[in-house]
Structures are given as structure tokens and as C-alpha cells.
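Okay, so here's the structure we're looking at.
Here, each number is a calculation from the coordinates, and none is a lab measurement. Just so you know, these numbers come straight off a predicted model, no measurement behind them. Quick reminder, even Gly has a Cβ in these numbers, built from the backbone with ideal geometry, and neighbours come from all protein chains shown.
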Amino acid sequence: LQECTPDVSCNISCNQREGQEYYNLSADQLMATDPYECFFRPISGKPNKYYNEVAKIEQDCADSTFYNPEKCGCDMIAAPAGTLRAPRCRPLLHVDFANDTVVNLRRDVYINAQNTDIQASGMEGVQYGLFNGRNSFIEIPYLSGIALDKFFIRLRFYSAAGGGAEDQVLFSNCESTISRTATDTSELPQVYQRPSMAVILNKPSRLLTFIAQTDTSPKTIIRLPFLDEGWNNVEMVYDGKALTARIRSVSPDGTGVEEKDTKILSGRLLASKFTPRIGVCMTERDAFFGYLDMVKMYDCIPADLPMM
């Protein structure tokens with residue numbers, strides 16, 4: 001493809017190219033390049049686009065890539081600027097409860113929401129996801145079998161009174177592969193033993209448990225108190241060096257409360273054998289009863305993440 005071959009009907013030498021002079025884009029200034037057997041040209045001011053000389057149209061690079069004339073294609077390197085551009089860190093999962101159905105704002109990552117109702121908040125434009133404590137869940141097939149080397153989870157939940165099990169799943173990959181360095185967690189309920197990544201609340205103790213287990217480290221657990229019958233902002237970060245968990249809430253008297261802890265952790269997260277879920281792993285035995293109004297998950301660490 002994109003090679004010049006002799007043809008009796010062609011009067012242009014294979015050693016000569018016409019270059020840039022016949023480009024005619026009124027809105028953009030095309031960047032001139034040396035004669036080269038490539039039909040794509042960079043466009044000034046649009047590093048993630050290129051001009052197709054044959055089709056006479058602009059075309060887009062894939063997300064987080066830039067056109068590189070040296071490769072005659074898209075790359076992580078933004079060649080017009082001559083600098084290395086890191087891929088933009090954006091959420092794999094951004095659950096939206098604002099419409100009639102539950103959707104992921106990252107449209108190319110499918111989610112399956114079951115028995116999760118939309119609840120009006122009483123404030124314009126604000127709605128919650130209602131989880132019934134029995135069989136409400138959102139599953140993310142994309143994350144099945146993936147061994148992450150870093151992740152960031154952010155969610156906001158309200159634990160309601162009157163329903164649900166003692167241990168309730170907010171986010172979990174539910175069951176992972178077996179690690180050689182696994183610690184003995186036989187005294188814990190199965191909902192804590194099986195996953196390599198999880199956020200689980202315990203109603204009687206009002207403690208939120210954060211779990212992460214990698215291929216080189218034992219299961220790491222952080223427990224922090226949460227506000228029952230109130231909104232809790234939760235963050236869980238693993239950057240390849242440490243696991244950090246944080247909960248922020250507002251007490252009934254209006255006082256802001258923050259709980260945080262960090263533990264050293266390294267390696268790749270053990271891959272999930274189950275489809276990761278929000279709201280439940282095993283029906284009713286660990287189902288969440290309450291509301292969620294934000295769930296985000298990244299497989300990278302956002303550059304604008306505040307210091308934990």
C-alpha cells in the first residue's frame with residue numbers, strides 16, 4: 001500500500017511527487033513535509049488529525065494518539081510538536097444515573113445494569129441509582145480477566161436503613177485467580193476472601209473495607225469508618241507502590257469528616273475470574289441496599305488527582 005509503481009498511463013515519475021501545492025483547505029494551514037511516499041499529511045493545530053491526500057479529507061487518530069509523519073500513522077508521539085505525549089487518562093467506567101436508563105459515559109465500554117432503578121433526588125438534574133438489597137447490580141464485562149497494574153476508583157454512596165445483608169458489595173471483581181502469596185483469610189466471609197479488588201461495607205460495624213491483592217503481595221486490607229444513613233465520598237487508589245483509601249462525609253452537625261489510610265503494595269492486580277460488579281456478587285447474600293450517584297473507575301492515575 002502507498003507505494004509508487006510504474007504505469008504506462010501515468011506521466012509522473014516515481015521519483016517525483018507533487019508535494020503540497022494542490023492542497024486547498026480554507027480553514028486549516030497544512031504543514032509541509034518533505035516528498036515522501038505517504039498519502040497522509042499533518043495539519044497545523046490539530047495533532048490528533050491528519051489529511052488524506054488521496055481521499056481529500058481530514059481523518060482522526062484513535063483516542064490518546066497523535067499523527068506522526070515519520071511513521072505515516074498515528075502514535076503516542078505528537079510529531080508536529082516533537083514531544084512525547086502521554087495518553088490522556090480517562091475513566092473506563094463513568095456510570096450515569098441522569099437519564100431513564102443507567103449508562104456508561106465511556107461509550108466504548110459496555111455495562112450491564114440489572115434491577116437498578118433511577119430515583120429522583122428532588123433537585124433538578126440530579127438522580128440516584130437505587131439498589132434494592134436483593135438483586136440490583138451493574139456489571140462490567142470489560143474488566144474480566146484483566147490484571148491491572150494501577151487503578152483509581154471514586155464513588156459516592158448512601159447506606160439506607162431497613163434492608164440488605166450485613167456485608168454489602170459496593171464494587172468488587174468478586175473472584176480472582178489464586179496467588180502464591182495469598183494470606184490466610186479463612187476467618188473472613190467469602191465476600192472478602194474471593195476478590196482481588198473490592199470495596200465492601202459492613203452494616204453492624206459501620207466499617208468500609210478496601211481490598212487489593214497482587215501477584216507479588218499478600219491480600220492488603222484497609223478498613224475505615226463510614227457515615228451510616230448519610231452520603232460518603234469514597235476513593236481507592238493503587239499506583240503500583242501503595243494502596244490508599246479515603247472516605248469523606250459530612251456529619252449530622254455539619255462537620256466535615258475525613259478518614260484515610262495507606263499501605264505499601266506492589267505488583268499487578270490478580271486477574272478476575274468473574275465479571276466485576278457494582279452492588280452485589282452473590283444475590284442477596286452480599287447485596288447493597290442504598291443509593292449511588294457517582295461511580296468512576298480508571299486503569300490509570302489522573303494527573304489532576306489531589307494528593308492523597
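Based on the alpha carbons, how large is the Rg to Rh ratio for region 93-298 when Rh follows Kirkwood?
With Rg and the Kirkwood Rh in hand, the quotient comes to 0.94.
Subtracting the Cα-Cα distance from 0.36 nm times the residue separation, let me have the gained length for C89 to I118 in nm, one decimal.
Once the chain is fully extended between C89 and I118, it gains 7.6 nm.
Can you give the FRET efficiency to the nearest 0.05 for Q193 and V126, using r as the Cβ-Cβ distance and R₀ = 35 Å?
Efficiency computed from Cβ-Cβ geometry: 0.45.
Considering only lysines 8 or more places apart in sequence, or on different chains, count the pairs in region 93-298 whose C-alpha atoms sit under 21 Å apart.
14
Length gain on complete extension for the stretch S144 to T283, per 0.36 nm per residue less the alpha carbon to alpha carbon distance?
48.1 nm
At 0.36 nm per residue, minus the direct Cα-Cα distance, what do E166 and T262 gain on full extension? Give it in nm, one decimal, please.
The span from E166 to T262 would gain 32.0 nm if fully extended.
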